[in-house]
Every structure is written in structure tokens, then in C-alpha cells.
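Q: Right, I'll just put the structure down here and ask away after.
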Amino acid sequence: MSAAARPLERDPFDAARAWFADQGWRPFPFQEAVWRAYADGRSGLIHAPTGMGKTFAAWLGPLVLGPEGTPAAAPPLTVLWITPLRALAGDTGLALQRSAAALRPHWSVDVRTGDTSDAAKARQARRLPTALVTTPESLSLFLSRSDWRERFAHLRAVVVDEWHELLSTKRGVQVELALARLFGAVADVRVWGLSATLANLDEAAAALLGPARAASAHVVKGIEAKTIRIDTVAPPTLERFPWAGHIGVKLLPQVVAAIERAQTTLVFTNVRSSAEIWYQALLEARPHWAGQIALHHGSLERDVRTWVENAVRDRKLKAVVCTSSLDLGVDFAPVDQVLQIGSPKGVARLLQRAGRSGHRPGEISRITVVPTHALELVEAAAAREAAHERKIEARTPVELSLDVLVQHLVTCALGGGFAPDALYEEVSGTHAYHRLTHSDFRWAMDFVVHGGASLNAYPEYRKVVVREEDGIAFVPDAAIGRRHRQSIGTIVSDASIAVQYRNGAKLGTVEESFIAHLRKGDCFVFAGRVLEFLRVREMTAWVRPAPGNPGVITRWMGAKMPLSTLLADRTRRLISEARHGRYDSPELELVRPLLELQRRWSALPLDSEWLIERMTLRDGHYLFFYPMEGRLAHLGLATLFSYRLAREHGRTFTITVNDYGFGLLSPEPIAFGLGDLGRLLAADHVERDILAGLNAAELGRRQFREIARIAGLVFQGYPGQSQSSRQLQASSGLIYDVFAEFDPDNLLLAQAVREVLERHLEGPRLVNALGRLRRSRALVTSPLRPTPFAFPLMVEIFREKLSTEALEARVARLVGELEKAAAAG
């Protein structure tokens, strides 16, 4: 037969296009591009807005080109789908099953997370499904089995969902190490990451695939022009002297009206305590909404969260008050609108949440910001400006986490053993450990084999043995193996207390530090209910309903997010424009009286300037600095400045910080002028001076608790036998003291210090801020009274000393005095 007469080869993706047509869809070009790249054997990263079809872009290539199977036998494990949240696993599994039933009816699709039933685990132990949806922790557990290579031998594709969420965490490091294992065992496996909101795509792809594969990584960008409408709720009146939370739930009528106008609404808050507050406020405003609105956050029981997710999908709920627990992945196509309580603190977070509405290709996403204080209006305008310019934040991959490496060494030793030199080459091939030295790897090996320099006398820390005959490292003790597998999930676990009714119904978990302050009979608000505290026993807080009683709102640690670098930069720019009299958005017009009063009493800095205010008031002598770099960087700068000033003048300071600046309060006069700035901003010994100014030993000790858990130095106990937070802190604190005294060069101690600087003070950002401040012109003013910028920082000092009622009374009196002064000119 001649070439001209030869029949055209059938396109394997015609079946995928036909299935799309059956759903009333047409593939986007980026989806077709990913299918072709997969067919060509390539790996890469898919970046597209939420709701644009990334799942089917990554899934249909492996599905259509995979083995068909037979009615009697599904193909072996072919696709591994890694998701960061258990909440996403079930939803993703359903989406994959639906298309597999049409295109590969003999494929089996299953889910494996910490919530998987014992029956399902037993089924998977006998035979893995063709496609498995799992989490990083569950994948690591699979890799700790001695037969994992045989079970993964037919693997052809790995998909890492929501890679932007994992990228800058230790769980992302865990994924990188697991992928390196798979690359070594299955040479032609293809890996695709999915991301919705990320700026540094090439770096993200390199972290996913490793430096050696980064050059051939295929970054596919989806449709960039998804329409997102961002607006704000305008407060009926705006105070010129704002303070954090001063608006509170005063905009409740506007939120209620917005919910009433829509069929389904997601009300996002940044923290769980705010979600509890707003859920209660909505029920008090509309009691008949009971059963029509719901609460969703990560501390609620899994069954409750699943019920809420399904109810939204089935249009059974009018509104859900939620946190980041609903940021990702779950398909909420019916949602009409999204409300964001307070500033989102980041452009990517705002876009991610906006994408929960209009969660289908071609639909418009809408989000409305509900400010909780006046300056959040400026942040909302800055976020919208950046979003319209398609500017979002980068996420920095984590490097050289030796606690994760130590855990991985034991996992590999359990999983059939390893040759140390070969594993070094494998691990150093990841982005997370591409700068790992041979000496540091040898230290980690010595740590798991001998317990390091100070724990070698204790058998439980000698976890790994290297056989003399073949040099293979393995775990000889079954009990050590069981404890290690139980500890693999500690990268995400927090010490917490279960909350449970006397009749046995579980409500969720709260932090032990909150429960520790309650006495029998105290009432608190949790899971949308007022509860009476009865007692704590075996890591469970026993409660009973207490409707009608006032209760304190449950609080969680780490409740305040810092302003992102991008949003801080855009906020400075808008304030600079206000200096020139430009108020080009509705939000800036609303805060115009505040900003003009700030300029009249002190100054508004240009983008190339930064402001310092000196003032003496009845309670002491203040220095206020306004770098506008976010609260964590400001904590580092405040610590640095106070230490350097105290070293010069021998005094102590009270520190107060927010996203716009920080204040130093002294009972004695502070001799400060422009000439002092050089010493404060000096680049030499920044880390040393910050650590000297902080209670660095105590912060390092607390950070070491997490490191000790991950590295397997402390054991949280088997299910039902967990240690308390206090017990864990005592155990890890004892080991910390042993290391500090007898093994001061222990690399885990150095990691604890590094993580304090990076996590608690945003160290790299702090260094960049210092550089920017050195290049900028300082405006030093001496206002006669607190300015609109200074007032919220002063309130934070009052908050530490006064009860809520006394605070509100004092703030109201001060605001009255300041408004009177402003009116008088």
C-alpha cells in the first residue's frame, strides 16, 4: 500500500475530546498541550487559575494512554495522585472515577489518607488500585514497606496537586524526597505539578523535578484572562484613628444583606477564631438561618467538614463561614459569591479564594473584602491593583531541613534498606538538598545509626544498622519500625486536645494551651456552639451544651498573618500617591480623611522614603517606625533596634508591632536623631544582635519541639495514647538541653535557630527591608499627639494591660480627645 493510501493513524485523545463533548465542554489549548507533552514522555508544571480544568489536563493523558485492563483484573498501580489535604482526596477521587468509568472502565480508583478505613487499607495491602489519590505522609508510609518497589513497578505518572501550597513547607520537602525514590525505581515515570497562584514557576518546577530534570521541565500556562471582580464593603462611617478589629462585626448588616442576595456564599476569614465569631454573629442576626448556614475549619471533626462540603455542592446551604480549609481544590461550582473578612494579606490568597466562585471555565469569579479596620481598605485597593496586573507572590522552596532528612533515612532503611553512598546521590539530586554536603549527610547517618554524639548510650536512638557484609542500612528492630511509621505524620501534627460531648460525639480539636486556661464550668464557643467545660482526661476535653450562656471564643496560636511582600510594596505605593493628592479608588477616597490628617499632623512617606515619629505622652516616650514591611519583619526590626538602642543607652523598651510599623516605648526620654539611624540600620552582625535581643534560647527550644518530633527524637504515642503538649515540650526540652551542653555543634540545634529567624521573623525579608531602608530617605517628625498611624500601635500596648471593657473605654476616650483636636485644626 502506498503512503498516500495508508489510513491515517487514530488520535488517542479523540476519546478524551468525545468525553468532554458529552459533558458539554471543549478542551482548552493548554489541556491539549499537556496531553501531548505527556504522550511525548515529558514532565512539568501546569499553572492556571482555579476552576480552569487543571485536573483533567493532568489526568486524561495517563488515563487515555494507560493500560486498558480486563473485567477480571484492573491494571496495577499506574497513576499516583498526591494532594496536600485529606479534604481534597475524596473529592479528587470522585472526579477521577467519573472520567475513568467512561474512558477506562476496568480501572480502579481509590483514596489513601489518614482517614481511610481499615477495610480499605486491608484491600490496598493486598493490591493497590490503578490510580491512587493520597497525601505526602501516606506516600512516605508506602515507601517504608519492604515491597514498595514491586508495588510501584508499573507506575507511569505522578501528579502533585496544589504544588504551590506544598512548595514552601517541609511537606513539600517530603514530596521531593519521595519523588527522588520513585525516579530511582521507575526510570520513565512522568511527574506533573498543578498550581493556581504562583509567580516563580521555573523555580517551582525545578523543586518538583529536581535540578537534573529542571532543564527539560515543561511549564504549561493555562488561560490567564479569567475575569475576577474584587470590591469592598464600605463602612457607613470611618474613624480616623483605627485599631485592629475596631470595626469588628459592625459590618454585619452589610454581610447579611449580601448573603441574602445570593443563593450560595462562602465567607472566608483568615483565622479559626474569626470564623467562630462570624458564624455566631450571623446566627444571632438571622436565627431562622439555623440549618441553612454552616461552619468549616480545620479543627472540626472530619465528618462535620465532609457534610458541609457535600451540602454546599448539593445547594443545601445558603452560606458557609470558613478558613483556608476551603481554599483548595474542592469543586464548589454552585457558589455565587465569596466574602473575605479582613484583608487577605496576600494577592495569591485573595485570588485563590475568589476562584471558589465561578469555579468553572468561562465564569466570572467575584470576591468582596469586608474590612475589619480602616487601613485594610488601602490593602484591599492594593490587592485589586496587583491582581489586575497579574502580579502574585512567589513561594520560596525549603532547603536543608535535616529533621526531614533524618526521618527519610529511617523510612528508606525500613523500605528494604539502602546503600548510604547511593542514597546521598539520590537525596542531593533534589532541590531541597542540592547543597547538602557529604559531611552533613554523614552527620545525619551517624545520628540515625549511633544517636549522634550525645544519645549513643540509648538504644531507642540507634535506629539503623549498617550490615558489614554488604554496607546496606536497615532497621533491625520491629518496635522501632512501628514507632517510626506512627511518627511520619508529625510534619503536620500539632499538640491538640479533642473536644467531645459526654455522650461520646466528637466536635473537633483545640490547642492544649487554650484548654489549660479553662476551669470547670467555664463556657467557650467552638464548632458553632456554646459549650460548658467539664474536665480534661486522656487528651480529651469533655463538654456539654450550654446554649444561651456567654462564652469566650476559642483561640489558636499563630493567628495573625503578615502582609505579603508584594502587598506591602503596593500599599506603600498607594500611600505615596496619597502624598501627591491622588486617591484613585473608592477605598482610598474612603480613607482620605485619615490619610490627610496623618499628613497634617506628621507626614505621608513617598515610596522612596520611610517615616519615623518621636513623641512624648503621659505613659512614656515613644519612637514609631513605619517601614510597612509586614508584622513579622517588623518584630525582627523592633528587636534589632531596641537591642542596639539599649546597648547604647542602657534601658529597656516595650515593643509593639503591626503590618505598617513598630513602636518602642521607654519610661525615660530617648535621645534619637538622624545620626542614630546608621547604627540601627548597620548590616554587620544583624543575626547576632536580633538573637541577643530576643529570648533566643527559649524560642529555639520551642522550635526544637517540632524538629525533635519530625526527626523521631520524641514519640507522640500510639493512637489514643498521645502525649500532651507539655509532655512533648518537656521531652524535647530535655534533649535540647543535652545537645546544648554536650553536643553544641549538633546540626539540629543550628536548624532550630535558623527556623526561628526564617519563620518567626521572616529573616530574608528582614534583610531586604534593612537594605531598602538604608537606601531610602528617613522622615523624622515630632507630632504633639498620636497620629492615625501611631494610634493602632499604642492600642496594642494597651491591649496587653487592660481587659476588653477597660480597653474599649480608654480607646473611646482617646479617640474623642484626638477627634476634638483634629476638628480644632
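The values are calculated or read from the model by the stated rules, or taken from the named source; none is laboratory data. Remember, it's a predicted structure, so these values are computed and weren't measured experimentally. When we count neighbours, we look across all protein chains shown, and the Cβ atoms used for this are built from the backbone with ideal geometry, even at glycine. Just so you know, the surface numbers come from the protein's heavy atoms only, side chains and all, with ligands and any DNA or RNA stripped out. Shrake-Rupley method; radii C 1.70, N 1.55, O 1.52, S 1.80 Å.
Q: Please specify each residue of region 93-103 satisfying the condition of being over 17 Å from Val133 (Cα atoms) and open to solvent by less than 40 Å² (accessible area, probe 1.4 Å).
A: Residue satisfying the conditions is Leu103 alone.
Q: To continue, here is another question. For residues that are under 14 Å from Ala790 (Cβ atoms) and of a type in the set (Gly, Ala, Ser), scanning just region 574-625, find the one that is modelled with the lowest pLDDT.
A: Across region 574-625, the extreme among qualifying residues is Gly620.
Q: Right, another one. Filter region 586-598 for residues that are assigned to a helix (DSSP H, G or I) and surrounded by 16 or more Cβ atoms within 10 Å (Cβ to Cβ) and give the result.
A: Glu587, Leu588, Leu590, Leu594, Leu595, Glu596, Leu597, Gln598
Q: Please work out if Gly429 is open to solvent by less than 40 Å² (accessible area, probe 1.4 Å) and either at pLDDT below 85 or more than 30 Å from Phe704 (Cβ to Cβ) (or both).
A: no
Q: Continuing with this model, one more query. Out of Ala453, Ala479, I need the residue that is open to solvent by 50 Å² or more (accessible area, probe 1.4 Å) and small (Gly, Ala, Ser). Which one?
A: Answer to the check: Ala453.
Q: Only residues that are in a loop (DSSP other than H, G, I, E, B) and either within 18 Å of the chain's Cα centre (by Cα) or buried (at least 23 other Cβ atoms within 10 Å of the Cβ) (or both): list them for region 388-416, please.
A: Ile392, Glu393, Ala394, Arg395, Thr396, Pro397, Val398, Glu399, Ser401
Q: Does Phe789 meet the test of being open to solvent by less than 20 Å² (accessible area, probe 1.4 Å), assigned to a helix (DSSP H, G or I) and aromatic (Phe, Trp, Tyr)?
A: In short, no.
Q: Just checking, how many residues over region 51-64 are open to solvent by 10 Å² or more (accessible area, probe 1.4 Å) and in contact with a strand residue (DSSP E or B) (Cβ under 9 Å, 6 or more places away or on another chain)?
A: So the first thing to find is which residues in region 51-64 are open to solvent by 10 Å² or more (accessible area, probe 1.4 Å), and the list is 51, 53-56, 64.
Add one more test, that the residue is in contact with a strand residue (DSSP E or B) (Cβ under 9 Å, 6 or more places away or on another chain), and what stays is 51, 54-55.
Selection size over region 51-64: 3.
Q: Determine whether region 275-287 contains at least one residue that is open to solvent by 60 Å² or more (accessible area, probe 1.4 Å), part of a helix (DSSP H, G or I) and more than 15 Å from Val338 (Cα to Cα).
A: Checked region 275-287: at least one residue is open to solvent by 60 Å² or more (accessible area, probe 1.4 Å), part of a helix (DSSP H, G or I) and more than 15 Å from Val338 (Cα to Cα).
Q: If Ala683 passes every condition in (1) at pLDDT below 90; (2) aliphatic (A, V, I, L, M); (3) farther than 26 Å from Leu566 by Cα; (4) not in a helix (DSSP H, G or I) but one, which one does it miss?
A: Going through (1) at pLDDT below 90; (2) aliphatic (A, V, I, L, M); (3) farther than 26 Å from Leu566 by Cα; (4) not in a helix (DSSP H, G or I) one by one, Ala683 breaks only (3).
Q: If I filter region 155-176 for residues that are among the basic types (Lys, Arg), within 25 Å of Leu60 (Cβ to Cβ), assigned to a loop (DSSP other than H, G, I, E, B) and open to solvent by 20 Å² or more (accessible area, probe 1.4 Å), do I get at least one hit?
A: So far as region 155-176 goes, yes, one or more of its residues are among the basic types (Lys, Arg), within 25 Å of Leu60 (Cβ to Cβ), assigned to a loop (DSSP other than H, G, I, E, B) and open to solvent by 20 Å² or more (accessible area, probe 1.4 Å).
Q: I've got another one for you. Go through region 486-509 and give me each residue that's open to solvent by less than 20 Å² (accessible area, probe 1.4 Å) and modelled with pLDDT of 80 or more.
A: Ser487, Ile488, Val499, Leu507, Gly508
Q: Now for a separate question. Could you list, in sequence order, all residues of region 137-154 that are open to solvent by less than 30 Å² (accessible area, probe 1.4 Å), closer than 17 Å to His484 by Cβ and more than 18 Å from the chain's Cα centre (by Cα)? Quick ask: steps written out before the conclusion?
A: Our first condition is that a residue be open to solvent by less than 30 Å² (accessible area, probe 1.4 Å); within region 137-154, this holds for 137-140, 142-144, 148, 152.
Restricting the remaining residues to those that are closer than 17 Å to His484 by Cβ gives 137-140, 142-144, 148.
If the condition is that a residue be open to solvent by less than 30 Å² (accessible area, probe 1.4 Å), closer than 17 Å to His484 by Cβ and more than 18 Å from the chain's Cα centre (by Cα), then Ser138, Leu139, Ser140, Phe142, Leu143, Ser144, Trp148 are the ones that fit.
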